[in-house]
Amino acid sequence: MSDDGIDRKVLEQIEREATDRLRNAGDLETLEELRINYLGRKGVLTLALRSIGQLPQEERPLIGSLINEIKGRFNSLFDEIKAGISAGISDEEPYPGDPSLPGRRMWTGGPHILHKVMKDVKEIFYRMGYSLAEGPEVELDYYNFEALNFPKDHPSRDTQDTFYINRDILLRTQTSPVQVRHMEKYDPPLRVISPGRVYRNETPDPSHASEFHQMEGLYVDRDVSLADLRNDVTYFIHSFFGRETNVRFRPHFFPFTEPSAEVDMTCFACSGDGCPICQKTGWIEIMGAGMVHPNVFKFAGYDPDSVTGFAFGLGIDRIAMLKYGVDDIRRFLANDIRFLSQFWRGSWVGAEK
Ligand code: DAH
């Protein structure tokens, strides 16, 4: 047989090359190209088969069946490699595992429960038309106390000892300083909430930590009244704890409000009958509130004769404890995944164990 003709040797050479190329095809596209290259209308094997007419009569059947055998082997190797590529398996690097096993579960983490409570509370107040105000945690004595009508050396400061950076700078004990900062910057009317972290020099126990969270509320306009305060506070409590909750205002003292009140709600555990959680009173205190003191307006540069307003301060950790039955405020800080992960939904994704 001449060089340009078809014989057994040439065919073996073609098959070796085709096999090599099939095995090295890394993707389905290359594989398809090879198929067209060899078996397409103008493919190498197709043309070879067509050209057997030029061979001497006696060679035709042998070469013809050889070509058909090669085509058959090409096809089955093609199918095998195609299945491998589709399943992500290659000859050189066999899939290392058992693909019928369930997948690994993935740890996704989730928001801290206090973060979630804060978000829920904010959303309730946003619905009422409040917007967000923020202030620093490292605060001036002036904003934390002085401008909130806590005079220097006044005993009212004793309830809120804190960590001092120096005589004038401290870690804020409450979110109330944001009231004055905000009023200094903006003219009335305003209606804001200000959530954030606060600090106190406390001996830690189940209901005291030296770091916790509050949310301040402030509403200033003409003719804002105690009835407005009661309305907004009640709406919040009903939204967060449920509509069956009763709300009461109990007279109290805060230097920056007059009159002032502590706000109680019916105990969620006994519905007001009296139990150990509410110390048999049927009520649980959840925030301080009152009408903004004229001195605070003066410090902030507002005219106390032309505006009125109310303010309230809510303990975020406290309402989180009440709503979720957490028995110790220090758990929020302990970073114990067993505690924190109870409040996540979908913290594991993927197959079951
Ligand atoms: N800042 C107060 C505290 O930490 C809570 C509070 C009481 C805030 C009355 C207020 C308020 O805005 O009107 O104890």
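Numbers below:
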read-out: Most fluctuating residue given options L114, L101, L28, as computed from a GNM of the chain linking Cα atoms under 10 Å; value: L28
read-out: Reach of K82 by Cα under 29 Å, taken over lysines that are not fewer than 8 positions away in the same chain; value: K9, K42, K71
read-out: Extension gain from A227 to E33, taking 0.36 nm per residue of separation minus the Cα-Cα distance; value: 61.8 nm
read-out: Modelled FRET efficiency - R0 25 Å, W107 with Y324, Cβ distances, 0.05 increments; value: 0.70
read-out: Volume per residue that the Cα convex hull of segment 67-169 spans, once the total is divided by residue count, Å³; value: 304 Å³
read-out: With at most 11 other Cβ atoms within 10 Å, longest stretch of the chain clear of loop GluC sites (Glu not before Pro) (DSSP); value: 93-243
read-out: Cα gyration tensor shape for segment 262-316, rounded if a/c is under 1.5, else prolate or oblate; value: prolate
read-out: Percent of alpha-carbon pairs separated by more than 29 Å within the chain; value: 59 percent
read-out: R0 of 35 Å, Cβ-Cβ distance N295-Y126: FRET efficiency to nearest 0.05; value: 0.70
read-out: Choice from A334, A311, A209 showing the highest fluctuation, given a GNM over the chain with Cα pairs closer than 10 Å; value: A334
read-out: Potential lengthening between D168 and W344 on full extension [0.36 nm per residue; Cα-Cα distance subtracted]; value: 59.3 nm
read-out: Gain in span if fully extended, C275 to R60, counting 0.36 nm per residue against the direct Cα distance; value: 67.1 nm
read-out: Relative contact order of the chain, pairs being alpha-carbon contacts under 8 Å that are 6 or more residues apart, as %; value: 17 percent
read-out: Net charge contributed by nearby residues that have their C-beta within less than 13 Å of V117 (K/R +1, D/E -1); value: +2
read-out: Where labels lie 7 Å past Cα in the beta-carbon direction, separation of R197 and Y235 in nm; value: 3.1 nm
read-out: Cβ-Cβ FRET estimate between V138 and S207, R0 fixed at 35 Å, reported to 0.05; value: 0.85
read-out: Inter-label distance, nm, simple model (7 Å from Cα along the C-beta direction), S76/A334; value: 6.7 nm
read-out: Accessible surface, 1.4 Å probe, highest first, among residues W344, W283, W107; value: W107, W283, W344
read-out: Degrees separating the helix 113-127 axis from the principal Cα axis of the chain, which is the longest one; value: 70 degrees
read-out: Candidates A83, A133, A320, ranked by Gaussian network fluctuation over the chain, Cα under 10 Å, top entry; value: A83
read-out: Cα-based helix-to-principal-axis angle, 60-86 vs the chain, degrees rounded to 10; value: 10 degrees
read-out: Gyration tensor verdict on segment 8-92 (Cα atoms; rounded if a/c is under 1.5, prolate if a/b is larger than b/c, oblate otherwise); value: prolate
read-out: Most to least accessible of H213, H154, H115 (protein chains only, probe 1.4 Å); value: H115, H154, H213
read-out: Candidate residues K122, K42, K82: accessible-area rank, largest first, probe 1.4 Å; value: K42, K82, K122
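The values are calculated or read from the model by the stated rules, or taken from the named source; none is laboratory data. Computed from a prediction, not measured in an experiment: that's the story for all the values here. For neighbour counting, all protein chains shown are included, and Cβ atoms are generated from backbone atoms with ideal geometry for every residue, glycine included. Ligands, DNA and RNA are stripped out before the accessible areas are found, and what is left, the full protein with its side chains, is counted by its heavy atoms. Shrake-Rupley method; radii C 1.70, N 1.55, O 1.52, S 1.80 Å.
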